[in-house]
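Asker: A single structure is presented below for examination.
Any read-out appearing in this document is the output of simple, stated calculations on the displayed coordinates, not a laboratory observation. Computed from a predicted model, the values in this text were never measured in an experiment. As a convention, Cβ positions derive from the backbone with ideal geometry for all residues, glycine included, and neighbour counts pool all protein chains shown.
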Amino acid sequence: MNTLVRAQSVTFNDDSMQVQLSDGRVLGIPLAWFPRLLHATPAQRAAYTLSTRGLHWEELDEDISVEGLLSGVGDLTHPHAAAA
């Protein structure tokens, strides 16, 4: 896994989030994979911070790693929402 790839920004539509990566790729991820984000308000979704490992939403207690997104892994705290 290339640990040099980092998230640069996140945008949302009604059912997915798009994560812009430092290498130019844009990942489209279903919000169904992350129930906390799915049920969050637009303001809560917009209140994220970036780290060297991924994305964090303090108010939602949600952390998503770039490595996990690149591997196709959803929210592991909700087994039915995780990617197959």
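Asker: By the scheme Lys and Arg +1, Asp and Glu -1, what is the net charge of all other residues having a beta-carbon under 14 Å from that of HIS39? Don't skip to the answer; put the middle values down first.
Answerer: On the way: positive: ARG36, ARG45; negative: ASP14, ASP15, GLU59, ASP61, GLU62, ASP75.
Taking every other residue near HIS39 into account, the sum is -4.
Asker: May I pose another question? Taking the Cβ of SER22 as the center, what net charge do the other residues with Cβ under 13 Å away carry, scoring Lys and Arg +1 and Asp and Glu -1? Intermediate values should be presented prior to the final figure.
Answerer: Values: positive: ARG6, ARG25, ARG53; negative: ASP23.
Neighbour charge sum, excluding SER22 itself: +2.
Asker: Return the calculated 222 nm mean residue ellipticity for the chain, to the nearest 500 deg cm²/dmol, obtained by summing -39500 (n - 2.57) across DSSP H runs with n ≥ 4 and dividing by the residue count. Spell out each step's value before the answer.
Answerer: Values: 3 runs with 14 residues, N = 84.
Per the formula, -3000 deg cm²/dmol.
Asker: Another question, if that's okay. How fast does the chain diffuse by Stokes-Einstein, in µm²/s, taking the Kirkwood radius from C-alpha pairs at 25 °C and 0.890 mPa s?
Answerer: Numbers: Rh = 12.8 Å.
Answer, rounded: 192 µm²/s.
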